[in-house]
Amino acid sequence: MSAAHDWSYETDGPVVRPYAMVRGRTRNEGYRFDLVAFVVAAVDSLDLRLGIQPEHRAILRICQVPCPVGEVASRMNLPVGVVRVLLGDLHTAQAIHVREPTSRTDRPSIRVIREVLDGLREL
């Protein structure tokens, strides 16, 4: 039984490799997106007509409300690295706004996070 004969689009997902979506790029130019940074669309996906890919449009639809970078990747079912490159394209085009996470000193301690998780588990 050959794997090539058993393969089908419906069960195995998209046929385009993620690196092809970003033309082999592994980094965006000039902006490093934190995994927990919030992204929000600054324009409607229809406002960007030249050079926009379907993946860019999908990101803009997802980010109509603020959404963390990690969640964008999850919703798109793409590796975070690929999503960061696509976000970089949109950032360069001024199609998104980015809100970076607060500084480490402003974040809750591990103890507080564990207490919240324990409380949620008890529900």
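The values are calculated or read from the model by the stated rules, or taken from the named source; none is laboratory data. Source: prediction; values computed, not measured. Ideal geometry is used to build each Cβ from the backbone, glycine not excepted, and the neighbour counts take in all protein chains shown.
In the stretch 80-98, which residues are surrounded by 13 or more Cβ atoms within 10 Å (Cβ to Cβ) and either of a type outside the set (Val, Ile, Thr) or free of Cβ contacts under 8 Å to residues at least 24 places away in the same chain (or both)? The answer is GLY81, ARG84, LEU86, LEU87, GLY88, ASP89, LEU90, HIS91, ALA93, ALA95, HIS97.
Within the stretch 71-79, identify whether any single residue is modelled with pLDDT under 90 and exposed (fewer than 15 other Cβ atoms within 10 Å of the Cβ), and answer yes or no. Yes - at least one qualifying residue is present in the stretch 71-79. Among the candidates VAL116, VAL65, VAL43, the residue that is in a loop (DSSP other than H, G, I, E, B), modelled with pLDDT of 85 or more and not hydroxyl-bearing (Ser, Thr, Tyr) is uniquely VAL65.
Which of the residues spanning the stretch 75-89 are touching a helix residue (DSSP H, G or I) at 6+ places or on another chain (Cβ under 9 Å) and in a helix (DSSP H, G or I)? Hits for the stretch 75-89 are ARG75, MET76, VAL80, GLY81, VAL82, VAL83, ARG84, VAL85, LEU86, LEU87, ASP89. Of all residues in the stretch 95-113, those satisfying the criterion of being outside any helix (DSSP H, G or I) and either within 14 Å of ARG57 (Cα to Cα) or aliphatic (A, V, I, L, M) (or both) are ALA95, ILE96, VAL98.
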